[in-house]
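The values are calculated or read from the model by the stated rules, or taken from the named source; none is laboratory data. Quick caveat, the model's predicted, so the values are computed rather than measured. No Cβ is skipped: glycine too gets one built from the backbone with ideal geometry, and neighbour counts run over all protein chains shown. Side chains included, ligands, DNA and RNA excluded: accessible areas come from the protein's heavy atoms. Shrake-Rupley method; radii C 1.70, N 1.55, O 1.52, S 1.80 Å.
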Amino acid sequence: MEGMREVRAEKLAEDVYLLRFEEGREERNEAVYVRYMLVRRERGQWWGIQMRDFRIACDNVASHSWDGTVLQLLTATGHLVADMATDGSFADAPQYVQLRYMGFESGIVRVEVHNTLDIPVRLLPGLFEVNGLMGQPAMHDMVYRAWLRKECVLQPHETRHLELPLSINSFFNSPQREKMEIAEPYVSYLAFSAPDSVRARAHEYVPYVIRRADSPNMSSSPLCEDYAWKMNYEPGLTSGFDGSVRTAQLWRRENGRWHLLRQLADKARSEARFEGEGRTYRLSGQVLYMGRPTERTRPRVAMLLPLPGGSREVELLPDHMLDISMCLNEQKPETWYLRHGERRFPVEIVRERESVHKMPPSLRRHRLSLSLPAANGKFYRLTLGPAELRVLVCDANADGVPDVKIADSGLVFYGVTEGSGYFRCPTLDARTE
């Protein structure tokens, strides 16, 4: 509890509580945040399920609504600010303030803002980010960052056009400084500077973040209808090596709520899948390419996503490694087919829960059962632990056929050139001789 002030706990159910506390100190030039945390007791221990952060001046929360599963945080006028659920899901973002990109000219980004509420909306100084498709091949990327320097008060149902200069702050420089052609642009907003007055008043709404509804949170990116992805980056330099961790998450929307479908973690000191924060991406079919390709560098690893309605047959690209680890089925075995030319290789993968029942569902680890047809007519069947879930498809021996590599295990299954749809693993074959 060190560093926490004004701590309040409210009982929602026998094993569920809502905590509210403040962190940060203005006298130390620290941003002061109000944090709301939903905690639950499982197996005799208390676990934090979800948390929402607000700048202290953006704390519009006046009451809450609890239905036994979902906790909604409401303003004094009954508008939804945020919610937290015991299953870890997210609700669609409330679209009280709608944002629209109107163009760019001579260093000025034009954004339309529309207040849908019957009360005023106060936008604090902050950043507007314009994202969209650009380049060939078309990549999703952040195009402009624009700076709102002064508070902007929107009257009920007012529409206003803002002309915002590009951000030249050393930490938040705009990635582009010239006019770019953007397809499917969308705008998000993040309050940044300290407000002129303290705390939100009951008769106004002060948003800290404005994002599009079809993504689970501010830093996530829409992929297609009802699917989004998010990259978390945790830097770390310890003991002389790069200990940073990047985690890619796939989210699915069902009944208006976003649920975490899959996630992959990647440490830079091992065989890294992802580069940087991965904000630039392109979805081609069910393959997600991350990072902006150039003449010298291309994304090292593409990710195969289990999106609905897509083919379970994937063509191997000669200049990419394809990570199939995301395609793990929790219910039943699922077979994917890797194709190169006339050769077709089946790969069966199953996600199995380990017997770690004392952990909450969000922290439980999984095993991977992998089944590959062997050249001798039998099957290679492996059960891999949580540290070995990097399953990469590549052409490891440059013979023009797909190979399957289990990263960090030393196992490589080579596609057999003289046959069709079989693999050979010299390491395992030697153990059985």
| query | Does the range 373-388 contain at least one residue that is at pLDDT 80 or above, in a loop (DSSP other than H, G, I, E, B) and either among the aliphatic types (A, V, I, L, M) or touching a strand residue (DSSP E or B) at 6+ places or on another chain (Cβ under 8 Å) (or both)? | reply | yes
| Based on what the data block shows, is Asp196 at pLDDT below 85, open to solvent by less than 60 Å² (accessible area, probe 1.4 Å) and part of a loop (DSSP other than H, G, I, E, B)? | no
| From the set of residues in the range 73-90 that are open to solvent by less than 50 Å² (accessible area, probe 1.4 Å) and of a type in the set (Ser, Thr, Tyr), which is nearest to Glu22 (Cα to Cα)? | Thr75
| query | Picking from Arg177, Arg253, which residue would you name as being at pLDDT 85 or above, in a loop (DSSP other than H, G, I, E, B) and at negative phi? | reply | Arg177
| said: Taking the conditions exactly as written (under 29 Å from Gly132 (Cα atoms), touching a residue at least 24 places away in the same chain (Cβ under 8 Å) and open to solvent by 40 Å² or more (accessible area, probe 1.4 Å)), does Arg41 satisfy them or not? | reply: no
| said: Given the condition modelled with pLDDT of 95 or more and within 27 Å of the chain's Cα centre (by Cα), answer yes or no: does some residue in the range 103-111 qualify? | reply: yes
| query | Which one is modelled with the highest pLDDT, of the residues in the range 266-292 that are crowded, with 17+ Cβ neighbours inside 10 Å and closer than 22 Å to Ala398 by Cβ? | reply | Val287
| request: Output the number of the condition that Ile119 fails; it satisfies all remaining conditions of (1) of a type outside the set (Asp, Glu); (2) in contact with a Lys or Arg (Cβ under 7 Å, 6 or more places away or on another chain); (3) farther than 30 Å from Trp46 by Cα; (4) in contact (Cβ under 8 Å) with a residue 12 or more places away in the chain. | output: (2)
| query | Listed residues Val70, Val61; which is of a type in the set (Val, Ile, Thr) and surrounded by fewer than 17 Cβ atoms within 10 Å (Cβ to Cβ)? | reply | Val70
